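Inspection log for the structure reproduced underneath, given as structure tokens.
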Amino acid sequence: MDKPVVAIVGPFTSSAMVAPALREAGFSPVAVMDYTGPALAPLQSSHDPGNYDAIINHHGDMAETIARLGALKPIAVFPGIEAVLRPAQELSDALAPATSNVPELVDARRHKYQMHQALAKAGLPVPRQISTTDPDEVAAWIEREGLAGHDLVVKPPTSAGTVGVSRAPGGQGWRELFTAMLGTHDKLDVLAEEVLVQEMMTGTEYAIDTVSHDGRHSITDMIKYKRVPYGEGIAVYDSVEWLPYDTDAYGELIEYAFGALDAVGLRNWAAHTEIMMTPDGPRLLEVNARLAGAGNPAVTKIATGESQVTRIVDVCRGLGPELPPGYTLRRNVMAVFLMSHSTGIVRNAEIYDRARELSSYHSPVHVVSTGDHVDASTDLFATMTMGYIILAHDDLEQIYADREAIRKIEEELIVEPVESAS
């Protein structure tokens, strides 16, 4: 191949946006598909083979995969999703070591308990937690930490998109949640070999999206989540608001996020770092060593004119040292996630057409249609069966008002249970 080759391992969800941008910029995008890991079925639809000049299928023989990909002389190799961090690390170390992340900390970028341990070792405050296969160890930990009667979070240590994340209000039922989760595969086919139990934090949840080069972190966007409880799930997404790059207002948050990236050895490529700003200061939820999901980069481009995708392309162009520290918020933007409180067939999705009349309405993203099957909105992947609506306006208060108008429209949603659907 005459064009410089850039390889993306597991190019699903938002990382699928990178290949067309690379091709437009004069690069040759290559996909590496890992057939030895989890099936990742809900993510498969985002992969378009036509966007790649070559597809390397990895079936477990890393030496062979390194040889096949190495023959294409890639200038860069990076992961598209968390589930492929380990093979992506091995390929990058072998073929593009100058832009690898710290190999010894690869598990700290994937396993949430090891991730938090790495932050604690670096001197950053983290929530109290334990990861184990033994519920009796959890019981002893709860007693030792004085957490009896406190709200707890129970989740797989390698979960994604809030899949499998549950809450135990007042600590009630944690053992049942623990036992039910241990040894099971989630909807992404990821095995819960251990279960992570964590004190539940309160505060405002943020995410800082970055593209890093040689240990220097460039912020592409900062977002604030609004979530609402749903059943035993930790919460479902209500909306996401894009924030201005303001080091005075968010300096403590930014400093903590950069410290977290350094602690887990993320020196290159994209990251989506989720942080809870608690009354005691910032506390890590998780570092995701990949692009922000759910189409975030496309929405970020509406808000700022740039995104993680554009800056990844800049790094591939050799402009890594010139990446700006932040961004300019050109207009206020919010993504309002549509929600279904039951599983079944949607019978009146046309109600969402009325949102087009709202002053801040910008565009729909995978919005559900009448006749579609949807899942109850218990996690991000279920939420995405409903889609979301992008709002954009100079007046932030107008966006807030239009979000509430969408929720009012949604009260009319009819979802017919599958067992009675005709």
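Structure notes:
- When Pro157, Pro125 are screened for being over 19 Å from the mean Cα position of the chain (by Cα) and either part of a loop (DSSP other than H, G, I, E, B) or on the phi > 0 side of the Ramachandran plot (or both), only Pro125 passes.
- Sub-7 Å Cβ pairs linking a first residue in segment 341-359 that is in the same structural domain as Leu391 (by the TED database) to a second residue that is at pLDDT below 95 and assigned to a helix (DSSP H, G or I), at least 6 apart or interchain, are Thr343/Val418; Gly344/Val418; Ile345/Val418, ordered by first then second residue.
- Those strands (runs of 3 or more DSSP E) lying entirely in segment 322-381 with at least 3 residues buried (at least 19 other Cβ atoms within 10 Å of the Cβ) and modelled with pLDDT of 95 or more: 332-337
- Counting only strands (runs of 3 or more DSSP E) that sit wholly inside segment 172-278, those with at least 1 residues that are under 17 Å from the mean Cα position of the chain (by Cα) are 204-213, 216-230, 233-243, 269-278.
- Those residues of segment 41-61 which are aliphatic (A, V, I, L, M), surrounded by fewer than 21 Cβ atoms within 10 Å (Cβ to Cβ) and under 18 Å from the mean Cα position of the chain (by Cα), in sequence order: Ala41
- The sole residue among His217, His213 that is touching a Leu at 6+ places or on another chain (Cβ under 9 Å) and open to solvent by less than 20 Å² (accessible area, probe 1.4 Å) is His217.
- Scanning segment 1-40 for residues that are open to solvent by 40 Å² or more (accessible area, probe 1.4 Å), among the aliphatic types (A, V, I, L, M) and assigned to a loop (DSSP other than H, G, I, E, B) returns Met1, Ala39.
- Residue pairs whose Cβ atoms lie under 7 Å apart, sitting 6 or more positions apart in sequence or on different chains, and linking a residue in segment 88-115 that is in a loop (DSSP other than H, G, I, E, B) to a partner that is acidic (Asp, Glu) and open to solvent by 10 Å² or more (accessible area, probe 1.4 Å), are Ser100/Asp93; Arg110/Glu82.
- Within segment 99-112, considering residues that are touching a strand residue (DSSP E or B) at 6+ places or on another chain (Cβ under 7 Å) and crowded, with 21+ Cβ neighbours inside 10 Å, the one farthest from Pro157 (Cα to Cα): Arg109
For (1) touching a strand residue (DSSP E or B) at 6+ places or on another chain (Cβ under 9 Å); (2) modelled with pLDDT of 95 or more, each residue gets a yes or a no:
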{"site": "Pro127", "(1), (2)": "yes, yes"}
{"site": "Ser131", "(1), (2)": "yes, yes"}
{"site": "Val138", "(1), (2)": "yes, yes"}
{"site": "Ile142", "(1), (2)": "yes, yes"}
{"site": "Glu145", "(1), (2)": "yes, yes"}
{"site": "Leu188", "(1), (2)": "no, no"}
{"site": "Glu205", "(1), (2)": "yes, yes"}
{"site": "Asp214", "(1), (2)": "no, yes"}
{"site": "Thr220", "(1), (2)": "yes, yes"}
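- Residue check for Ser92: among the hydroxyl-bearing types (Ser, Thr, Tyr) and either in contact with a strand residue (DSSP E or B) (Cβ under 7 Å, 6 or more places away or on another chain) or at pLDDT below 95 (or both): yes
- Among residues of segment 15-26 that are outside the structural domain of Ile312 (by the TED database) and free of Cβ contacts under 8 Å to residues at least 24 places away in the same chain, those with a beta-carbon under 8 Å from a residue that is part of a loop (DSSP other than H, G, I, E, B) and not basic (Lys, Arg) at least six positions away or on a different chain give the pairs Gly26/Pro4.
The values are calculated or read from the model by the stated rules, or taken from the named source; none is laboratory data. Everything quoted here is computed from the prediction, not taken from an experiment. When we count neighbours, we look across all protein chains shown, and the Cβ atoms used for this are built from the backbone with ideal geometry, even at glycine. Protein only, heavy atoms only, side chains kept; ligands, DNA and RNA dropped before computing areas. Shrake-Rupley method; radii C 1.70, N 1.55, O 1.52, S 1.80 Å.
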